[in-house]
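Participant: Pasting a structure below so you can have a look.
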Amino acid sequence: MYIRVNPRDNVAIAVEPEGLTPGTTEAGGLVVRERIPQAHKIALRPIAAGEPILRYGEVIGYASRDILPGSWVREELVEMPAARPLDELPLATAVPAAPPPLDGYTFEGYANPDGSVGTRNLLGIGTTVQCVAPTVDYAVGRIRTELLPRFPNVDGAVAVTHSYGCGVAIDAPGAAIPIRTLRHIALHANLAADPLMVSLGCEKLQPARLFAASEPPTGQRPESLPILDASNVIRLQDERGFSEMVAAILRAAEKRLERLNRRRRTTCPASDLVVGLQCGGSDAFSGVTANPAVGFAADLLVRAGATVLFSEITEVRDAVHLLTPRAATPDVARALIQEMRWYDEYLARGGADRSANTTPGNKRGGLANIVEKALGSVAKAGSTALCAVASHGEKVTSKGLVFAATPASDFICGTGQLASMNLHVFTTGEGSPYGLALVPVVKVSSRTALAEKWPDLIDLDAGRIATGQATIEEVGWELFRFILAAASGRQTWAEHWGLANAMAPFNPGPVT
C-alpha cells in the first residue's frame with residue numbers, strides 16, 4: 001500500500017510498517033522492484049535523468065539518473081533544486097475568503113490585567129543572566145517541596161532560565177532579538193503577566209534594560225509596565241551568602257504564591273487562545289497525516305477567532321511560494337519575504353544554506369531534502385489567509401493565522417513562540433519527548449507505530465489517516481477539542497512527566 005498525495009505526483013510513499021516487498025503488485029499494476037522502507041518513496045512511472053520528481057504536486061528535486069517504475073527513490077537519486085527567487089513571488093494574488101465563524105467554543109482560563117489569558121497558573125521566576133540559573137533552580141526545588149503544597153490552586157513553579165544576559169555584544173543589532181524574546185516571556189500569560197526576576201547584579205542585561213527593550217504590548221500604557229523594585233527583582237550580589245540568596249527568593253515567592261492562589265479559572269472564548277505550531281523529528285508521513293490534521297485544527301481555531309502561529313523559517317523557505325499568494329495584503333506578503341531574505345543572508349554569513357536543516361532522522365523517515373520537508377511542514381498552516389508576520393521575538397497581537405519568525409531548531413523555535421503563545425502543538429514522525437515548562441505541549445504523531453511505541457508520550461495519533469481509519473477532518477476536530485481541554489487544565493503527557501526543554505533564545509549577535 002502506498003499514498004500518492006497529488007495526481008501530478010510521480011512518486012508515492014510506502015504505508016505499511018514493513019514497507020513494500022519486491023515482486024508484489026500494488027495499485028494500478030505497479031510491480032515493486034526492491035524493498036522500500038515505510039515512508040520512503042516509490043517511483044510510479046519511469047523518471048528520466050534530469051526529470052522533475054514531484055510530490056505534493058511540487059518539484060522536490062531532479063532525478064540524478066534514470067529511475068524505473070517500482071524503484072526506491074532514495075535520497076541520492078534526488079538532486080535538490082535551487083531555492084526559489086524571492087523577488088519573483090506572487091503577492092496576495094489568491095487571498096482566501098474569510099471562513100464562516102465558529103461560535104460558542106470556550107475554555108477555562110485565567111484572565112490577566114493586561115488583557116492576556118493564561119492556560120496555566122504558574123509561579124515563574126525569571127532570570128536576567130545564566131549565572132544565576134543554578135541558584136534559581138535550587139530555590140525552585142525548595143519552593144516545590146516546602147511552599148507549593150500550601151497553595152493548591154497554583155499549577156507549579158518554574159525556573160525561567162536561559163543562556164543569555166552577559167558575555168555578549170549587548171548593543172549589537174542582533175541583541176534586540178533575545179532581549180525582546182526574554183522580556184515577553186517574563187510577562188507570559190501563564191505567569192499572570194507579572195514578572196518575578198532574579199538578577200546577579202553585574203550582568204549586561206540589567207532588569208531595567210530588559211523591560212525597557214521594546215515598546216509595551218498593544219493596549220498598554222508605558223506606565224502599566226512592571227515596576228522594578230525589591231518586590232519583584234532579587235539581586236544576588238546584594239545578599240550575604242548562598243543561604244540568604246535562596247531565602248530572599250523564597251520570601252518573594254511566598255508572597256507571589258499567595259496572590260496566585262487566589263486566582264480561579266473562568267470561562268473564556270476560544271478567541272483568547274494563542275496556539276504555536278511546530279514540527280520535530282519529521283518524516284514523510286508528517287505532510288500527509290499530522291500536519292494536515294493540525295492545519296485543519298488551525299482553520300477551526302482561526303474561525304473561532306483565535307491566533308495561530310506557525311514558524312520555522314528554513315522549513316517554510318521552499319514552500320513560501322504557496323504562502324505569499326495567501327497573504328491578506330501585499331504588505332503582509334512582503335513582510336514574509338523579508339523574513340526569508342534575512343535568514344538566507346544569516347545562513348550565508350555562517351557559510352551554510354537551507355540544505356543544512358535536514359537531520360539523519362528526517363532522512364531515515366523518508367525525507368529526501370529540505371524541499372520535501374518544507375512542503376509537508378507548511379500543511380500545519382491550514383488554508384486561511386495569512387494575516388500578519390512577526391519578526392524574531394516580537395509579541396504577536398494579531399488574530400488569525402500569523403507567521404512568527406523563528407529558526408527551525410525545536411528548542412529555539414519553542415522559545416521564540418513563548419513570547420506570544422499560551423499553548424503549543426508539536427507534530428513528530430520519528431518521535432521526540434520535547435516539552436516546555438510554561439505551556440502545555442500537545443504531541444501529535446504522524447504514524448500509528450510511533451503512537452503505539454510511545455503511548456505515554458503521544459497525545460494524539462494522526463497515523464490513522466494513512467491507514468484510512470480516520471480522515472484529516474476527523475483528526476483535526478479531535479485535536480481542536482483536545483486543545484480546548486488542554487487549555488482548560490487537562491494535562492498533556494509532557495506535563496504529566498514534567499518534561500521541559502531548556503529555553504534557548506535565538507541570538508544572532510556576537511558573543512564577546
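The values are calculated or read from the model by the stated rules, or taken from the named source; none is laboratory data. Given the structure is predicted, the values throughout are model-derived calculations rather than measurements. Methodologically, a virtual Cβ is constructed for each residue, glycine included, from the backbone with ideal geometry; neighbour enumeration extends over all protein chains shown.
Participant: Do you know which residues across the stretch 48-69 are under 17 Å from PRO7 (Cα atoms), in contact with a Lys or Arg (Cβ under 6 Å, 6 or more places away or on another chain) and part of a loop (DSSP other than H, G, I, E, B)?
Facilitator: GLY57, PRO69
Participant: Collect the residues in the stretch 377-393 that are buried (at least 20 other Cβ atoms within 10 Å of the Cβ) and under 16 Å from ILE185 (Cα atoms), keeping them in residue-number order.
Facilitator: ALA390, HIS392, GLY393
Participant: Let me ask another. Identify the residue in the stretch 14-31 that is among the aliphatic types (A, V, I, L, M) and part of a loop (DSSP other than H, G, I, E, B) and, among all such residues, is nearest to the chain's Cα centre (by Cα). Don't jump to the end; show me each part of the working.
Facilitator: Within the stretch 14-31, the first condition is being among the aliphatic types (A, V, I, L, M), and the residues that meet it are 14-15, 20, 27, 30-31.
So of that shortlist, the ones also part of a loop (DSSP other than H, G, I, E, B) come out as 15, 30.
Details: VAL15: 27, LEU30: 39 Å.
If we take residues in the stretch 14-31 being among the aliphatic types (A, V, I, L, M) and part of a loop (DSSP other than H, G, I, E, B), then VAL15 is nearest to the chain's Cα centre (by Cα).
Participant: Also: Just a yes or no: is a residue in the stretch 82-95 in a strand (DSSP E or B) and among the β-branched types (Val, Ile, Thr)?
Facilitator: To start, the set of residues in the stretch 82-95 that are in a strand (DSSP E or B) comprises none.
No, because not a single residue in the stretch 82-95 is in a strand (DSSP E or B) and among the β-branched types (Val, Ile, Thr).
Participant: Related question: Of all residues in the stretch 57-71, which are buried (at least 20 other Cβ atoms within 10 Å of the Cβ) and not β-branched (Val, Ile, Thr)? Walk me through it before giving the result.
Facilitator: So the first thing to find is which residues in the stretch 57-71 are buried (at least 20 other Cβ atoms within 10 Å of the Cβ), and the list is 58, 60-61, 63, 67, 70.
Once the filter is applied, which keeps residues that are buried (at least 20 other Cβ atoms within 10 Å of the Cβ) and not β-branched (Val, Ile, Thr), the stretch 57-71 yields GLU58, GLY61, ALA63, GLY70.
Participant: Going by the conditions given, is SER286 of a type in the set (S, T, N, Q), farther than 18 Å from PHE403 by Cα and surrounded by fewer than 18 Cβ atoms within 10 Å (Cβ to Cβ)? Break it down into steps so the answer makes sense when it comes.
Facilitator: On the way: of a type in the set (S, T, N, Q): yes; farther than 18 Å from PHE403 by Cα: yes; surrounded by fewer than 18 Cβ atoms within 10 Å (Cβ to Cβ): no.
Here the answer is no, as SER286 does not meet what is asked.
Participant: Sticking with this one: Quick one: would you say VAL378 is part of a helix (DSSP H, G or I) and touching a Pro at 6+ places or on another chain (Cβ under 7 Å)?
Facilitator: Numbers: part of a helix (DSSP H, G or I): yes; touching a Pro at 6+ places or on another chain (Cβ under 7 Å): no.
Against the criterion (part of a helix (DSSP H, G or I) and touching a Pro at 6+ places or on another chain (Cβ under 7 Å)), VAL378 does not qualify.
Participant: Right, here's the next one. Condition first: among the β-branched types (Val, Ile, Thr) and under 22 Å from PRO52 (Cβ atoms). Now tell me which residues in the stretch 4-41 satisfy that. Explain how you work it out, then say what you get.
Facilitator: As a first pass, look at the stretch 4-41 and keep what is among the β-branched types (Val, Ile, Thr): 5, 11, 13, 15, 21, 24-25, 31-32, 36.
Across the stretch 4-41, the qualifying residues are VAL5, VAL11, ILE13, ILE36.
Participant: Just the residues that are farther than 18 Å from GLY118 by Cβ and basic (Lys, Arg), please, taken from the stretch 155-200.
Facilitator: Of everything in the stretch 155-200, just one residue is farther than 18 Å from GLY118 by Cβ and basic (Lys, Arg), namely ARG180.
Participant: May I pose another question? Please determine, by comparing only the residues of the stretch 202-215 that are in a loop (DSSP other than H, G, I, E, B) and surrounded by 16 or more Cβ atoms within 10 Å (Cβ to Cβ), which one is modelled with the lowest pLDDT. Step through it out loud before you land on a result.
Facilitator: As a first pass, look at the stretch 202-215 and keep what is in a loop (DSSP other than H, G, I, E, B): 202-206, 212-215.
Restricting the remaining residues to those that are surrounded by 16 or more Cβ atoms within 10 Å (Cβ to Cβ) gives 203-206, 213-214.
Working: GLU203: 97, LYS204: 96, LEU205: 96, GLN206: 95, ALA213: 49, SER214: 45.
The selected residue is SER214.
Participant: Select from the stretch 102-141 the residues that are under 18 Å from ALA247 (Cβ atoms) and in contact with a helix residue (DSSP H, G or I) (Cβ under 9 Å, 6 or more places away or on another chain) and list them in ascending order.
Facilitator: LEU123, ILE125, THR127, VAL132, THR135, VAL136, TYR138, ALA139, VAL140
Participant: Could I ask something else about it? Is it the case that ALA487 is in contact with a Leu (Cβ under 6 Å, 6 or more places away or on another chain), of a type in the set (A, V, I, L, M, F, W, C) and buried (at least 21 other Cβ atoms within 10 Å of the Cβ)? Steps first, answer last, please.
Facilitator: Numbers: in contact with a Leu (Cβ under 6 Å, 6 or more places away or on another chain): yes; of a type in the set (A, V, I, L, M, F, W, C): yes; buried (at least 21 other Cβ atoms within 10 Å of the Cβ): yes.
Spelling it out, ALA487 is indeed in contact with a Leu (Cβ under 6 Å, 6 or more places away or on another chain), of a type in the set (A, V, I, L, M, F, W, C) and buried (at least 21 other Cβ atoms within 10 Å of the Cβ).
Participant: Separate question: List, please: which pairs have Cβ atoms under 7 Å, are six or more places apart or on different chains, and start with a residue in the stretch 471-491 that is within 15 Å of VAL275 (Cβ to Cβ) and end with one that is assigned to a helix (DSSP H, G or I) and not aliphatic (A, V, I, L, M)?
Facilitator: Here the result reads GLY476/PHE296, each pair linking the stretch 471-491 to a residue that is assigned to a helix (DSSP H, G or I) and not aliphatic (A, V, I, L, M).
Participant: So, one more: Within the bounds of the stretch 351-366, is there any residue that is of a type outside the set (D, E, K, R), out of contact with any Ser or Thr (no Cβ under 9 Å at 6 or more places or on another chain) and not in a loop (DSSP other than H, G, I, E, B)?
Facilitator: Checked against the condition, which is being of a type outside the set (D, E, K, R), out of contact with any Ser or Thr (no Cβ under 9 Å at 6 or more places or on another chain) and not in a loop (DSSP other than H, G, I, E, B), the stretch 351-366 yields at least one hit.
Participant: Sticking with this one: Of the conditions (1) within 24 Å of ARG481 (Cα to Cα); (2) assigned to a loop (DSSP other than H, G, I, E, B), GLY393 fails just one. Which one is it?
Facilitator: GLY393 satisfies all of (1) within 24 Å of ARG481 (Cα to Cα); (2) assigned to a loop (DSSP other than H, G, I, E, B) except (1).
Participant: Then there is this: Looking at ASP229, ASP194, ASP238, which is the one that is modelled with pLDDT under 95, over 27 Å from the mean Cα position of the chain (by Cα) and assigned by TED's automatic domain parsing to the domain that holds CYS131?
Facilitator: Details: ASP194 fails: over 27 Å from the mean Cα position of the chain (by Cα); ASP238 fails: modelled with pLDDT under 95.
Selected residue: ASP229, the only one of ASP229, ASP194, ASP238 that is modelled with pLDDT under 95, over 27 Å from the mean Cα position of the chain (by Cα) and assigned by TED's automatic domain parsing to the domain that holds CYS131.
Participant: Find all pairs meeting these conditions: Cβ atoms under 6 angstrom apart; at least six residues apart or on different chains; first residue within the stretch 330-348 and without any contact (Cβ under 8 Å) to a residue 40 or more places away in the chain; second residue not aromatic (Phe, Trp, Tyr).
Facilitator: If the second residue must be not aromatic (Phe, Trp, Tyr), the pairs left are LEU347/ASP353.
Participant: Has the stretch 446-466 got at least one residue that is at positive phi, in a loop (DSSP other than H, G, I, E, B) and in the same structural domain as PRO407 (by TED's automatic domain parsing)?
Facilitator: Of all residues in the stretch 446-466, those at positive phi come to none.
Scanning the stretch 446-466 turns up no residue that is at positive phi, in a loop (DSSP other than H, G, I, E, B) and in the same structural domain as PRO407 (by TED's automatic domain parsing).
Participant: Out of all the residues in the stretch 251-266, which are touching a residue at least 60 places away in the same chain (Cβ under 8 Å), surrounded by 16 or more Cβ atoms within 10 Å (Cβ to Cβ) and either outside any loop (DSSP other than H, G, I, E, B) or of a type in the set (Ser, Thr, Tyr) (or both)?
Facilitator: Residues satisfying the conditions are ALA253, ARG256, LEU257, LEU260.
Participant: Of everything in the stretch 421-457 that's surrounded by fewer than 22 Cβ atoms within 10 Å (Cβ to Cβ) and of a type in the set (A, V, I, L, M, F, W, C), which residue is farthest from PHE296 (Cα to Cα)?
Facilitator: TRP454
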